[in-house]
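> Just dropping this structure here.
The values are calculated or read from the model by the stated rules, or taken from the named source; none is laboratory data. Only a predicted model underlies this, so the values are computations on that prediction, with no experimental measurement involved. Here the Cβ positions follow ideal geometry from the backbone for every residue, glycine too, while neighbour counts run over all protein chains shown. Ligands, DNA and RNA are excluded from the accessible area calculation, which covers all protein heavy atoms including side chains. Shrake-Rupley method; radii C 1.70, N 1.55, O 1.52, S 1.80 Å.
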Amino acid sequence: MDLVVARPEGLYCPPGDFYIDPWRPVERAVITHAHGDHARWGMSHYLASSDSEGILRSRIAADMPLQTLAYGESIEHYGVKLSFHPAGHVLGSAQVRLEYKGEVWVASGDYKVEPDGTCAPFEPVRCHTFITESTFGLPIYKWPSQAEVFSDINDWWRANAAAGRASVLFCYAFGKAQRILHGLDESIGTIVVHGAVEPLNKVYREGGIYLPPTVYAGDLKKGDPRLKHAIILAPPSAGGSTWMRRFGDYADAFASGWMMLRGTRRRRGVDRGFVLSDHADWPGLLWAIEQTGAERVMVTHGSVAVLVRYLREMRGLDAQAFATEYGEEDDATQEAE
């Protein structure tokens, strides 16, 4: 028996009678992380990592029926031993390890392999079968180091501030925004955040993650002198809206793995694109898969066919595709990540 199978409601564990990141309401849902395409409202019972509790309660419901486990702690349900292990994607993100009658499967959820200081870093987990994402599962995707990206962002902000112009940086509100905040040089000027970002900053700070002081954009009036030297973090949905008017003359940029593609930068219509992703790149995916020691790999959302073919033909693995409804994160665009 396969430990995980694809059903219309989501990825289902038959012996344990629970789902992993279901996209339709079910009785028991095991959640890998709190992005909207993996954690949805309407489940009767939720199980997630302890580190994700604050984010889940702020995004789904404060009184949601949630049980949590610390990383490495295990629980047994109908003979299936389940534990969470860091995925390195966002705060609280976890891989799900399942063990049943000597067989071990790991469902990765979303993950990245470069540590970033805002969440527990990815830990490879040995298994027989590995369920992996493939958001950036093409050989063209190879990320620059985040130190290099943060240096570029700070240099861009510094140059704009010297010219008396605000810097608006579009990024996803949960995970990406906090990672950028963690890497900003706060000596350059005021750091301003959109209303979608600030409540999540609070959860990160309460979780012991250092983020520099931020000012809620709603507390600033148009013409505030601080804006001439400020960087503003906002979700992509704010672009082109009346909300932007308060910043006067500004330069804008977008931080995303998709910025590696020139066509995406053009479509976004921004001045700059910074290549920064919370997902593994092609080398990261291959490294993570190798580290598990798995002989069987199930590939979910992203460039599924390319990765499956590569694993079969170049690595000799039993690789297959899982059809899922993941991939549409918080800004509901085809380029959400």
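> Could you grab me the full set of residues in the range 77-96 that are without any contact (Cβ under 8 Å) to a residue 24 or more places away in the chain and either aromatic (Phe, Trp, Tyr) or surrounded by fewer than 17 Cβ atoms within 10 Å (Cβ to Cβ) (or both)?
The answer is Lys81, and nothing else.
> On to the next question. Is it fair to say Arg309 is assigned by the TED database to the domain that holds Arg97 and out of contact with any Asp or Glu (no Cβ under 9 Å at 6 or more places or on another chain)?
Yes; evaluated as a whole, the condition is true for this residue.
> Step by step: first the residues of the range 19-34, then only those that are of a type in the set (A, V, I, L, M), outside any strand (DSSP E or B) and open to solvent by less than 10 Å² (accessible area, probe 1.4 Å), then the one that is nearest to Val5 (Cα to Cα). Which residue is that?
So the residue we want is Ile31.
> A further question on this structure: With (1) within 17 Å of Tyr204 (Cα to Cα); (2) within 12 Å of the chain's Cα centre (by Cα) as the list, and Ser58 as the residue in question, which single condition is left unmet?
The one condition Ser58 does not meet is (2).
> Which one is most open to solvent (accessible area, probe 1.4 Å), of the residues in the range 35-76 that are in a loop (DSSP other than H, G, I, E, B) and touching a residue at least 40 places away in the same chain (Cβ under 8 Å)?
Tyr71
> Let me ask you something else. Take the range 149-173 and flag every residue that is over 21 Å from Ser237 (Cα atoms) and among the small types (Gly, Ala, Ser).
Ser151, Ala159, Ala161, Ala162, Ala163, Gly164
> Enumerate the strands (runs of 3 or more DSSP E) found wholly within the range 98-185, keeping only those where 3 or more residues are among the β-branched types (Val, Ile, Thr) and open to solvent by less than 20 Å² (accessible area, probe 1.4 Å).
129-134
> Right, another one. Within the range 71-113, work out how many residues are over 18 Å from Gln178 (Cβ atoms) and touching a helix residue (DSSP H, G or I) at 6+ places or on another chain (Cβ under 9 Å).
Residues flagged as over 18 Å from Gln178 (Cβ atoms) and touching a helix residue (DSSP H, G or I) at 6+ places or on another chain (Cβ under 9 Å) within the range 71-113 amount to 6.
> Filter the range 12-53 down to the residues that are touching a helix residue (DSSP H, G or I) at 6+ places or on another chain (Cβ under 7 Å) and small (Gly, Ala, Ser) and list them by number.
Ala34, Ala39, Ala48, listed by residue number.
> Just to check your reading of the model, which residue among Gly88, Gly42 is in contact with a Pro (Cβ under 8 Å, 6 or more places away or on another chain), over 23 Å from Lys202 (Cβ atoms) and of a type in the set (Gly, Ala, Ser)?
When all the criteria are applied, what remains is Gly42.
> Which pairs have Cβ atoms under 6 Å, sit 6 or more apart or on different chains, and link a residue in the range 1-30 that is at negative phi to one that is of a type in the set (Val, Ile, Thr) and open to solvent by 20 Å² or more (accessible area, probe 1.4 Å)?
Every condition considered, the pairs that remain are Tyr12/Val5.
> I need the full set of residues from the range 240-268 which are without any contact (Cβ under 8 Å) to a residue 24 or more places away in the chain and among the basic types (Lys, Arg), in order please.
Arg245, Arg262, Arg265, Arg266, Arg267
> Name every residue in the range 242-264 that is among the small types (Gly, Ala, Ser), within 22 Å of the chain's Cα centre (by Cα) and either under 18 Å from Ala161 (Cα atoms) or in a helix (DSSP H, G or I) (or both), in order of residue number.
Answer for the range 242-264, where residues must be among the small types (Gly, Ala, Ser), within 22 Å of the chain's Cα centre (by Cα) and either under 18 Å from Ala161 (Cα atoms) or in a helix (DSSP H, G or I) (or both): Ala253, Gly257.
> What's the number of the condition Thr118 fails, among (1) assigned by the TED database to the domain that holds Asp318; (2) in contact with an Asp or Glu (Cβ under 7 Å, 6 or more places away or on another chain); (3) of a type outside the set (A, V, I, L, M)?
(2)
> Scan the range 197-216 residue by residue and report those that are more than 18 Å from Gly117 (Cα to Cα) and out of contact with any helix residue (DSSP H, G or I) (no Cβ under 8 Å at 6 or more places or on another chain).
Glu198, the sole residue that qualifies.
> Just the residues that are open to solvent by 90 Å² or more (accessible area, probe 1.4 Å) and either aromatic (Phe, Trp, Tyr) or assigned to a helix (DSSP H, G or I) (or both), please, taken from the range 201-239.
Passing the criteria: Lys202, Glu206, Tyr210, Tyr216, Asp219, Pro225, Arg226, Lys228.
> Further, regarding this structure: What tally of residues in the range 279-295 results from selecting those that are touching a residue at least 40 places away in the same chain (Cβ under 8 Å), under 21 Å from Gly327 (Cα atoms) and in a helix (DSSP H, G or I)?
Number satisfying all stated conditions: 6.
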